[in-house]
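Visitor: So that we are looking at the same thing, I have put the structure below in structure tokens.
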Amino acid sequence: MMPRVRAPELPQNYPWLNTEKPLSLQQLKGRVVILDFWTYCCINCLHILPTLKYLEQKYKDSLTVIGVHSAKFDNEKETENIRQAILRYDIEHPVLVDSGFQVWQQYAVRAWPTLMVIDPEGYVIGYVSGEANQDVLDELIQKLISQHQEKGTINFQEFHLTLEKQRKSLLTPLAFPGKVLATQAGLFIADSGHHRIVMSRFDGEIIHLIGAGQSGLIDGSFDQAQFFAPQGMTFDEKIQILYVADTENHALRRVDLKRQVVETIAGTGEQSRNIRPHLGAGRETALNSPWDLQLCGKRLFIAMAGPHQIWEMDLETAIVRTYAGTGAEACIDGALSESAFAQPSGITTDGQELYIADSEASSIRGVGLVEPQQVRTICGSGDLFGFGDADGQGSDVRLQHCLGVEYTQNFLWVADTYNHKIKIVNPHTGNCQTVLGDGSVGLQDGQGKNTRFSEPSGLSVKDSHLFIADTNNHAIRRVDLDTLMVTTLDFPNLCAPDVCLPHE
């Protein structure tokens, strides 16, 4: 624990979100305050949000959590993008936009996430870095409350806020779609913000809504099953089975189109804390934020964002295991067992190699499926802070938190998410070129670079069309690969779960 140090006052002239006016530590005297130093790209930051939500609800009359958003990537410095992240992750506490790391420096923070605990008299009494331990924080808050009750320095009262979600409803037909998958059977959309999978025809006609539209981990029929912010998908055409990375449930789900049922095949519903390479039976092994999937025969490969690894599930034995990555967050090439990744969030294959969108390293990686099984960096700097927006070759290329990758006809299509662009990469030479998007945030159809997106995250090619999950636009975009014309798909019979009855 740290000695008692007076907490530096929070700036009043910076942007604040989830509150009508800036908050000061002076006005919060009498309450326990936790400052959560975070950045919205960071998987570890996202992992502690449930802990904060639990504590906020348990101590709502005596605890105030304030998110201090200290951006890693340039794109995360934009207040509107932070607002979108607050909506996407259902954050219900005030968030201060820490322009230029001023607050970070005042509090001598060194890592994301860091939680600073301030007592009711305005003193910093401790901090936790990394994925915080809920029990430790719970115990500390209880202790502070009882100490300050005795001293008469605590002020019990509920604290009311005006949340971004009260100003901007998510009643759009799609909400933050994370991934999209085009197949012979139809188009599958991970409607992540609505906790469901939408299956449609290519003209937008709805075939199935898979999931009740509320967050939960429930198996069963399409209208009863529940997901929690699902992301990547892969489809077995022969047996009409869709596999889903159920990201915030830390689970893999199997969707049987013939029987119209959803089953959990891996994960326990709890987040794994074990980053060392290991294996186990699917239903008995805890997973950690599976973000995307790729089927290779009877092998299901998983971009496991939480432990910065690539995993594999043998669908015949139901055993899941670490395939590549030590668990360190880094960009290290070489043997599978010595390699390292940084929040892998997209995966595709040509049958010989897996291709990974390694988001925090802003790089595209190759992972061998055949001997010699090696990991290589195809393009991007390979540095956790080596990001930007530059076309070119190999290590000269700069991407910004790329989340999606799709192999087709000897090329990789890349969703360069925080640059709001779609790029094409030659996996053999590492050459990378911008194809779609002018780099500005927007929803603009058109041709080639005369188009706009907002944090596109998922890609899928079928025949001569590329489909894009345009996440912050709550839209699916379709690209004619012969002409590079971009159009926005319309889903005339689709609506948000709270707006209309389940689709018949």
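Visitor: At 222 nm, what helix-only mean residue ellipticity would the chain give, in deg cm²/dmol to the nearest 500, using -39500 (n - 2.57) for each DSSP H run of four or more?
Guide: -3000 deg cm²/dmol
Visitor: Between Tyr54 and Asp90, what is the label-to-label distance in nm when each label sits 7 Å out along the Cα-to-Cβ direction?
Guide: 1.6 nm
Visitor: Separate question: Just to be sure I understand the model, the point goes 7 Å from the Cα along the line to the Cβ. What's the resulting Glu316 to Glu20 distance in nm?
Guide: So the two model labels end up 6.5 nm from each other.
Visitor: Using only alpha carbon pairs under 8 Å that are at least six residues apart, calculate the relative contact order of region 116-195 and give it in whole percent.
Guide: Dividing the mean separation by the residue count of region 116-195 yields 17 percent.
Visitor: Which one, Gln147, Gly380, Gly394, projects farthest toward the positive side of the charge dipole computed for the chain from Cβ point charges (K/R +1, D/E -1)?
Guide: Highest projection toward the positive end goes to Gln147.
Visitor: Using Cα atoms only, what is the angle between the long axis of helix 134-151 and the major principal axis of the chain, expressed in degrees (0 to 90) to the nearest 10?
Guide: Here the helix axis deviates by roughly 20 degrees.
Visitor: When a/c reaches 1.5 or more, the comparison of a/b and b/c decides; with that in mind, is the chain rounded, prolate or oblate per its Cα gyration tensor?
Guide: In terms of gyration-tensor shape, prolate.
Visitor: Turning to a different aspect of this structure: Restricting to region 28-115, what percent of DSSP beta bridges are antiparallel, rounded to 5?
Guide: Approximately 15 percent, going by the DSSP bridge assignments.
Visitor: Right, something else. In whole Å, how far is the Cα centre of region 193-256 from that of region 72-145?
Guide: Answer, in whole Å: 33.
Visitor: For the residue pair Lys298 and Asp383, what label-to-label distance in nm results when each label sits 7 Å from Cα along the Cα-to-beta-carbon direction?
Guide: 4.6 nm
Visitor: Moving to a separate point now. Considering only Leu46, Gln26, Ile86, whose Cα is most displaced toward the positive end of the charge dipole of region 22-87, charges sitting on Cβ of Lys, Arg (+1) and Asp, Glu (-1)?
Guide: Going by the charge dipole, the pick is Gln26.
Visitor: Next up: Return, ordered by residue number, the residues of region 292-314 whose backbone nitrogen is under 12 Å from a label point located 7 Å along Cα→Cβ of Ala281.
Guide: none
Visitor: Report, by chain and number, residues whose modeled amide H sits under 5 Å from the one on Leu481, excluding near sequence neighbours (fewer than 5 apart, same chain).
Guide: His465, Leu466
Visitor: Count the DSSP beta bridges whose two residues both fall in region 5-167, then state the antiparallel fraction as a percent rounded to the nearest 5.
Guide: Taking every DSSP beta bridge within region 5-167, about 60 percent pair in antiparallel fashion.
Visitor: When only Cα pairs under 8 Å and 6 or more residues apart are kept, what is the percent relative contact order across region 180-488?
Guide: Over region 180-488, the number comes to 9 percent.
Visitor: Mind jotting down a quarter of the surface of the convex hull over the alpha carbons of region 198-270, in square nanometres, one decimal?
Guide: It is 4.7 nm².
Visitor: Then there is this: I'd like the antiparallel share, as a percent to the nearest 5, of DSSP beta bridges with both residues in the chain.
Guide: Just about 90 percent of them are antiparallel.
Visitor: Using just the Cα positions, wrap region 366-504 in a convex hull and report its mean projected area in square nanometres, one decimal place.
Guide: Projected over every direction and averaged, the Cα hull of region 366-504 covers 10.7 nm².
Visitor: Once R0 is set to 25 Å, what does the formula 1/(1 + (r/R0)^6) return for the Cβ-Cβ distance between Gln106 and Gln27, expressed as a FRET efficiency to the nearest 0.05?
Guide: For Gln106 and Gln27, the calculated efficiency is 0.85.
Visitor: Given +1 on the Cβ of Lys and Arg, -1 on the Cβ of Asp and Glu, and no further charges, what dipole in debye does the chain carry about its Cα centre, rounded to the nearest 20?
Guide: Computed charge dipole of the chain: roughly 640 debye.
Visitor: At R0 = 56 Å, how high is the FRET efficiency between Ser129 and Asp463 if r is their beta carbon distance? Nearest 0.05 is fine.
Guide: It comes out at approximately 0.70.
Visitor: Only Lys, Arg, Asp and Glu count, each charged at its Cβ (+1, +1, -1, -1), so figure out the dipole size of region 314-384 about its Cα centre, rounded to 20 debye.
Guide: 40 debye
Visitor: Oh, and also: Quickly rank 350-356, 155-161 as a protection proxy: mean count of other C-beta atoms within 10 Å, highest first.
Guide: Taking the mean over residues of other Cβ atoms within 10 Å, the ranking is 350-356, 155-161.
Visitor: Sticking with this one: Compute the orientation-averaged projected area for region 5-167 from the convex hull of its Cα atoms and round it to one decimal in nm².
Guide: 8.5 nm²
Visitor: Which whole-number percent gives the relative contact order of region 366-439, counting Cα pairs below 8 Å spaced six or more residues apart?
Guide: 22 percent
Visitor: Could you sort the peptides 270-280, 24-34 by per-residue average Cβ neighbour count (10 Å cutoff), highest mean leading?
Guide: 24-34, 270-280
Visitor: Further question on the same structure: Placing +1 at every Lys and Arg Cβ and -1 at every Asp and Glu Cβ, with all other atoms neutral, what dipole size does region 5-167 have around its Cα centre, in debye to the nearest 20?
Guide: Approximately 160 debye in magnitude.
Visitor: For the chain, with the dipole built from +1 on Lys and Arg beta-carbon atoms and -1 on Asp and Glu ones, taken about the Cα centre, which of Thr487, Ala305, Gln240 lies farthest toward the positive end?
Guide: Value: Ala305.
Visitor: Which order do the peptides 179-191, 313-325 take when ranked by the mean count of other beta-carbon atoms within 10 Å per residue, highest first?
Guide: Ranking, from highest mean packing down: 179-191, 313-325.
Since every read-out is calculated from the coordinates, none of them should be taken as a lab result. On a predicted model such as this, the values are computed, not experimentally measured, just so you know. Ideal geometry is used to build each Cβ from the backbone, glycine not excepted, and the neighbour counts take in all protein chains shown.
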